[in-house]
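Here is the structure we will look at, set down as structure tokens.
The values are calculated or read from the model by the stated rules, or taken from the named source; none is laboratory data. Values in this document were obtained by computation on a predicted structure and should not be read as measured data. Positions of Cβ are generated from backbone atoms using ideal geometry, with glycine treated the same way; all protein chains shown enter the neighbour counts.
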Amino acid sequence: MKVTVFGIGYVGLVQAAVLAEVGHDVCCVDVDAQKVENLKNGIIPIYEPGLTPLVKSNYEAGRLQFTTDAKAAVEFGEIQFIAVGTPPDEDGSADLQYVQAVAKTIATYMQSPKIIIDKSTVPVGTGDKVEATIAEVLRGRKSTLEFHVVSNPEFLKEGAAVSDCMRPDRIVIGTESDHVKDVMTELYAPFNRNHDRIIFMDVRSAELTKYAANCMLATKISFMNEMANIAEMVGADIENVRNGIGSDERIGYHFIYPGCGYGGSCFPKDVQALVRTSEQIGYDSQILKAVESVNAKQKTKLFELIKRHFNGDVAGKTVALWGLSFKPKTDDMRESSSRVLMELLWEAGAKVQAFDPEAMEETQRIYGSRADLNLMGTKEAALNGADMLVICTEWQSFRAPDFDTIKQQLAEPVIFDGRNLYDPQRMADRGFSYYAIGRGLSIKQG
Ligand SMILES: NC(=O)c1ccc[n+]([C@@H]2O[C@H](COP(=O)([O-])OP(=O)(O)OC[C@H]3O[C@@H](n4cnc5c(N)ncnc54)[C@H](O)[C@@H]3O)[C@@H](O)[C@H]2O)c1
């Protein structure tokens with residue numbers, strides 16, 4: 001099938017590559033000319049496991065193409081995916097300008113019937129707005145071309161995006177049209193062999209399903225962080241509590257890890273956007289607001305622990321920071337907890353020596369060169385002469401480090417662990433002051 005994808009970001013590029021891999025012909029279009037040029041030269045704009053070979057091989061096979069020519073891209077596919085960003089507006093609601101711009105472009109150039117699939121995360125009712133936009137442009141063109149607007153939210157996880165798209169848990173499709181159902185069933189057939197993963201529903205329910213999923217996951221994290229804060233104050237260990245509750249299969253072990261807050265391009269903005277949607281319809285979404293405020297506070301948690309350890313005197317300290325991306329296996333820094341921490345440290349007069357396996361370039365792009373930020377080539381180099389080690393992201397390579405080296409390199413053996421990677425008692429036995437999240441056993445030496 002011939003498919004056009006607007007927006008070559010985390011969602012668009014992965015979806016396009018995966019569709020090409022199973023044999024569809026995919027044309028990717030983006031307004032970012034540099035990104036398109038780079039992709040044509042085999043330079044992949046994001047780090048995502050397994051993505052680079054997939055993009056390169058399908059580009060070389062001619063099943064995947066990249067362009068800035070929107071007119072040609074609209075002509076290309078009967079199916080037109082919208083996978084552009086929906087960043088938060090000033091008031092936190094989703095900014096739909098990019099989605100609507102694509103809708104106008106499609107309506108302006110289409111010469112044959114189209115199925116327009118919204119893959120971006122958009123508030124309930126956006127399908128109607130996109131439909132109205134396209135209808136208006138077509139009316140202006142005196143065209144009676146047929147079109148359908150479909151909601152097909154994306155559930156991929158950054159860091160596992162390729163495998164999530166290859167083997168999706170579910171494929172949610174919002175449409176009332178039988179013709180569209182047939183086309184979508186055919187499009188996704190290669191991903192639907194093992195068992196039927198397609199769930200058809202109306203457009204509004206599909207749009208809300210995406211927000212409900214992300215808000216549920218964010219709620220689990222904020223809930224665990226609240227439990228961790230309580231555990232710390234009552235002298236309990238949240239890791240024991242986590243094991244204790246996870247064994248109840250109604251709760252389960254997934255996604256109940258306490259930590260220094262959630263980040264990324266999705267949870268923060270999607271929780272905010274649903275809060276705003278609720279406000280607009282006169283509903284007070286108390287749980288979502290609490291999820292958001294617990295998370296905002298949790299992102300300052302490591303800084304508070306650092307201040308407490310150093311009796312409020314952080315100025316002039318050098319902080320070795322391991323992990324910059326908002327989670328492992330991605331270079332994405334959007335809303336990352338490390339950014340909140342670094343900015344608080346800088347404000348307090350501290351210096352950061354950071355290492356991340358993938359997100360150093362992105363950090364450089366965001367913060368540029370500054371005297372209080374040094375990006376180091378290895379995790380060991382980041383320790384050199386530092387006053388403390390802080391861990392913000394649970395990359396595999398941080399899980400079993402050489403503690404003797406850490407101890408030798410640091411001016412004082414103190415670790416602030418935002419992801420609960422180590423055992424507090426063992427750390428104490430090794431002579432470290434060790435602070436983690438919600439562990440009553442956090443220990444200050446001396
Ligand atoms: N990143 C994720 O993990 C994830 C997961 C599920 C859903 N989503 C949702 O998917 C959408 C896209 O997210 P993303 O992370 O891929 O965004 P992104 O910022 O990585 O990519 C968006 C791309 O769209 C391009 N673009 C903007 N306007 C355009 C236009 N008029 N025509 C063509 N291209 C245009 C941008 O240049 C950019 O390359 C968002 O709504 C997001 O909430 C993201």
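With respect to I437, is the statement that it is touching a Gly at 6+ places or on another chain (Cβ under 7 Å) and outside any strand (DSSP E or B) true? Against the criterion (touching a Gly at 6+ places or on another chain (Cβ under 7 Å) and outside any strand (DSSP E or B)), I437 qualifies.
Just checking, does segment 112-129 include any residue being assigned to a helix (DSSP H, G or I) and either within 20 Å of G77 (Cα to Cα) or at pLDDT below 95 (or both)? Yes, segment 112-129 has at least one match. Scanning segment 199-234 for residues that are under 24 Å from L305 (Cα atoms) and either among the hydroxyl-bearing types (S, T, Y) or surrounded by 19 or more Cβ atoms within 10 Å (Cβ to Cβ) (or both) gives A218, T219, I221, S222, M224, N225, A228, A231, E232.
When the test is whether a residue is of a type in the set (D, E), under 23 Å from the mean Cα position of the chain (by Cα), modelled with pLDDT under 95 and more than 9 Å from the ligand (Cβ to nearest atom), D89 passes it. A search for C-beta distances below 6 Å between a residue of segment 268-281 that is modelled with pLDDT of 95 or more and within 15 Å of the ligand (Cβ to nearest atom) and any residue that is assigned to a helix (DSSP H, G or I) and of a type outside the set (A, V, I, L, M, F, W, C), counting only pairs 6+ apart in sequence or on different chains, returns D270/Y211; D270/N214; V271/E292; L274/Y211.
Condition first: under 24 Å from the mean Cα position of the chain (by Cα), farther than 22 Å from G264 by Cβ and not in a strand (DSSP E or B). Can you find one or more residues in segment 214-230 that meet it? The answer is no; no qualifying residue exists.
Do we find a residue being within 16 Å of the ligand (Cβ to nearest atom), of a type in the set (F, W, Y) and closer than 24 Å to Y262 by Cα anywhere in segment 316-330? The answer is yes, given that some residue of segment 316-330 is within 16 Å of the ligand (Cβ to nearest atom), of a type in the set (F, W, Y) and closer than 24 Å to Y262 by Cα.
Scanning segment 334-358 for residues that are under 15 Å from the mean Cα position of the chain (by Cα) and buried (at least 24 other Cβ atoms within 10 Å of the Cβ) yields S336, S337, S338.
Residues in segment 179-213 that are modelled with pLDDT of 95 or more, charged (D, E, K, R) and more than 27 Å from the chain's Cα centre (by Cα): K181, D182, E186. Only a single item in (1) free of Cβ contacts under 8 Å to residues at least 24 places away in the same chain; (2) in contact with a helix residue (DSSP H, G or I) (Cβ under 9 Å, 6 or more places away or on another chain) is not met by K56, and it is number (2).
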